[in-house]
Amino acid sequence: MNCSAGLTAAHSSSPLKPGFFLQPAWDLVRSKQDWMKSPFFPVIFSFGVYMFFCLPFIALDLLATRVSFLKRHKIQVQNNPSLRTMVCCVGRTLYNHLVYIFPLTVANWYWRPVLFPDSAPEFPGVLLDIVACLLLFDFQYFVWHLLHHKVPWLYRTFHKVHHKYTATFALTTEHSGAWETLSLGFFAAVNPAILRCHPFTKLLFFICNIWLSVEDHSGYDFPWSTHRLVPFGLYGGAPHHDLHHMKFKTNYAPYFTHWDKLLGTYSTLTSKSR
């Protein structure tokens, strides 16, 4: 009987147990679940992570005019955002979070309480789910984005705000109106639910999605940028999206390139304008 108990204990502590590698991190998250279940967490988390990812690029923008290395990797080297412009962008982002996003998080908190399971998800499943969420979001954004450029009323009424700046910098990522902020936020929030993702996976997807969005708008093309790490030109990155802000009628997908290539809206810095 003691041997059986020992085998059971050994099996329960085995590294092959589902979620073994992520369990410590998930336990840490669960220890803060009272705060994370509050209606304040999604807004503070979203704005905080966004600003955290923007800060390095803000520093680069302030140094770009004086550091030759940064100039070499800046996509539109002649354009540098002023401090006043940056402050205006932060103000709009903060306004959108407080006026539009926060009331929705309160409603969601009231109608759909968050449940935190004891076990962490399996690591391979987390990676697959995040990629699936990104691919689904990429398709949704592509369709939404294409429509808002092809239908003049939609562009003038909703999307034009985001195109105020033809040279992107990190803080332009969330420089948008209420409809665009809520639409894209809805896509990001609903996809993990559609795919039945673990709450930890959902959290990691949000972080990943915010980072990729900021990097897309950063205005820099570094040797370590995400699009250079993904093979076969499958991921567009900052050059892909920066060109959209320059040309307007090309590169509608936010991350990947397959939809633009399939529908003939793909372009590169060396391609002839469509």
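Rule-based calculations on the coordinates, nothing more; no lab input. Not measured: the values here are computed from a predicted model. As a convention, Cβ positions derive from the backbone with ideal geometry for all residues, glycine included, and neighbour counts pool all protein chains shown.
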Tally the residues that are small (Gly, Ala, Ser) and in contact (Cβ under 8 Å) with a residue 40 or more places away in the chain, restricting the search to the range 240-269.
1
Taking the range 100-126 only, how many residues are of a type in the set (A, V, I, L, M, F, W, C) and assigned to a helix (DSSP H, G or I)?
9
Exactly one of ALA193, ALA167, ALA188, ALA178 is touching a residue at least 12 places away in the same chain (Cβ under 8 Å), aliphatic (A, V, I, L, M) and loosely packed, with under 15 Cβ neighbours inside 10 Å, and that residue is ALA178
Enumeration of residues in the range 207-231 that are surrounded by fewer than 20 Cβ atoms within 10 Å (Cβ to Cβ) and over 14 Å from PHE256 (Cβ atoms)
ILE207, TRP211, ASP221, PHE222, PRO223, TRP224, SER225, ARG228
Among ASP118, ASP129, the single one that is under 16 Å from PHE206 (Cβ atoms) and charged (D, E, K, R) is ASP129
Mind counting the residues in the range 130-139 that are crowded, with 18+ Cβ neighbours inside 10 Å and over 20 Å from HIS244 (Cβ atoms)?
2
Note on the range 68-103: residues in contact with a helix residue (DSSP H, G or I) (Cβ under 6 Å, 6 or more places away or on another chain) and closer than 19 Å to ALA188 by Cβ are ASN96, HIS97, TYR100, ILE101, PHE102
Hey, among the residues in the range 194-252 that are in contact with a Ser or Thr (Cβ under 9 Å, 6 or more places away or on another chain) and among the hydroxyl-bearing types (Ser, Thr, Tyr), which one's nearest to ALA132 (Cα to Cα)?
TYR235
Filter the range 111-144 for residues that are free of Cβ contacts under 8 Å to residues at least 12 places away in the same chain and not charged (D, E, K, R) and give the result.
TRP111, PRO124, LEU127, LEU128, VAL131, VAL143
Of LEU115, LEU83, LEU127, the only residue that is within 19 Å of the chain's Cα centre (by Cα), surrounded by fewer than 14 Cβ atoms within 10 Å (Cβ to Cβ) and more than 25 Å from TYR252 (Cβ to Cβ) is LEU127
Which members of the range 140-155 meet the condition of being over 17 Å from MET246 (Cα atoms) and exposed (fewer than 15 other Cβ atoms within 10 Å of the Cβ)?
VAL143, LEU147, VAL151, PRO152, TRP153
